[in-house]
Amino acid sequence: SSNTVKSEPSGKRMRALRSTLQDPAAVSVELGSPEAQDRGKAVEALRRMGAAAQSELPGLSESLTDFASYASSSGPHLISLEAAGAMREIDPKAAIPPKVLSKLVRSATAPATHQLMTGGWVLRCGEQPQALRTLAALGPLAQSALPAVVRVTHKPCGGDLALQAAMAFGPLSPEQTARLKIALADEDPDVRRSAVEYLGEAHATDAVSALGHAMNDASSQVRLSTLEALEKLHPEGEARLVLIRPLVTDSLVDI
C-alpha cells in the first residue's frame with residue numbers, strides 16, 4: 001500500500017511548545033540549567049512575559065549573581081545584567097532578597113588580587129566589574145548598597161563603574177546621607193575622597209556643613225575634591241566663600 005502512518009500533527013507539538021514558553025514556572029526551571037545559554041534564554045523569556053512572571057522573581061533574583069556570559073545573534077550577554085533588567089521590567093519596585101544583594105555587594109567591593117606572572121605582578125579584578133554593572137542596572141532596587149559602593153570609587157577595579165552604579169541608585173535618603181557623612185571621617189583617605197566626590201555629584205546640599213569640615217582634611221587630595229564638590233553644590237560661589245577663604249594659603253598649589 002502507498003498509504004503511510006500519520007505521525008503526531010506538527011501543529012499540536014508547536015502549540016505545546018508555545019504553551020511551555022508562556023508558562024513562567026516552566027521557563028524558570030531552565031534558570032538552573034548547567035548551560036549558560038539556557039539560563040540566559042530563560043531570563044530573556046521571563047523578561048518578555050513582564051508582570052505575568054512576577055511569581056518567578058525569587059528564582060530570577062538568584063541569577064543576579066550569575067556572572068556567566070553567553071552569545072546570541074545580537075552579541076554577547078551577561079546573565080546577571082539581563083536578570084537585573086528583567087526584574088525591573090517585571091516589577092519596578094521588586095525587593096531584592098537581602099542574601100542575594102549582600103552577595104552581589106561583596107563581589108562588587110571585593111579587593112583586587114595580584115597574581116605573579118612572568119615580568120611582574122598583574123592586577124586581577126575578578127567579578128567586581130560584572131557585579132558593579134549589575135548593581136547599576138538594578139538602579140533604585142539596589143539603593144541600600146550605595147554606601148558600600150561609594151567606598152570603592154578610588155579603589156582598583158572600582159573607579160568609574162562604581163561611581164556610575166552609585167549615581168544609578170537614585171536620590172539620596174536621609175539615612176544614606178548620614179552614612180556618607182560618617183565615611184568622611186574614615187581612616188582611609190581614598191574612602192573620604194570617594195564620599196566627598198559622590199556628595200558633590202549627587203548635589204547633596206544638606207551635606208555642605210560636613211564638607212566644610214572636610215576642607216581641613218589631612219589629605220590634600222581630599223581637600224581638593226572637597227573644593228570641587230562645593231563648586232558643584234554652590235556654583236554661584238557666595239555660599240561657600242567662608243569655607244574657601246582659608247584655602248588660599250593651602251600648601252597644595254592646585255587648591
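Points to keep in mind about this one:
- Counting Lys and Arg as +1 and Asp and Glu as -1 over every other residue whose Cβ lies under 15 Å from the Cβ of residue 157, the net charge comes to +2.
- Accessible area ranking (1.4 Å probe, heavy atoms, ligands and nucleic acids excluded), largest first, for 151, 245: 245, 151.
- Close amide H partners of residue 66, meaning residues 5 or more places away or on another chain with modelled amide H under 5 Å apart, are 80.
- Length gained when the stretch residue 110-residue 255 is fully extended (0.36 nm per residue, less Cα-Cα span): 48.9 nm
- Here the label points at residue 175 and residue 245, each 7 Å from Cα along the C-beta direction, are separated by 4.0 nm in the simple model.
- Answer label for volume of the Cα convex hull per residue in Å³ (calculated), chosen among (i) 140; (ii) 195; (iii) 127: (ii)
- Near residue 41, once Lys and Arg are set to +1 and Asp and Glu to -1 for all other residues with Cβ below 12 Å from its Cβ, the sum equals -2.
- Distance between the C-alpha centres of the stretch 135-159 and the stretch 170-217: 15 Å, rounded to the whole angstrom.
- Accessible surface, 1.4 Å probe, highest first, among residues 67, 169: 67, 169
- Of 162, 204, 183, the residue with the greatest mean-square motion in the GNM of the chain, using alpha carbon springs below 10 Å, is 204.
- Förster radius 25 Å - calculated FRET efficiency between residue 102 and residue 124, Cβ distance, rounded to 0.05: 0.65
- Relative contact order for the stretch 156-231: 28 percent, from Cα pairs under 8 Å spaced at least 6 residues apart, divided by residue count.
- If you take all other residues with their beta carbon under 11 Å from the beta carbon of residue 86, and give Lys and Arg +1 and Asp and Glu -1, the sum is -2.
- Extension gain, residue 219-residue 29: 0.36 nm per intervening residue step, less the Cα-Cα distance, totals 63.1 nm.
- With a threshold of 29 Å on the Cα-Cα distance, the over-threshold entries among 41/103; 99/181; 93/155; 99/232; 41/155 are 93/155; 99/232; 41/155.
The values are calculated or read from the model by the stated rules, or taken from the named source; none is laboratory data. All of these numbers come straight from a predicted model, not from anything done at the bench. A quick note on method: Cβ atoms are made from the backbone with ideal geometry, for glycine too, and the neighbour counts reach across all protein chains shown. Heavy atoms of the whole protein, side chains included, go into the accessibility calculation; ligands, DNA and RNA do not. Shrake-Rupley method; radii C 1.70, N 1.55, O 1.52, S 1.80 Å.
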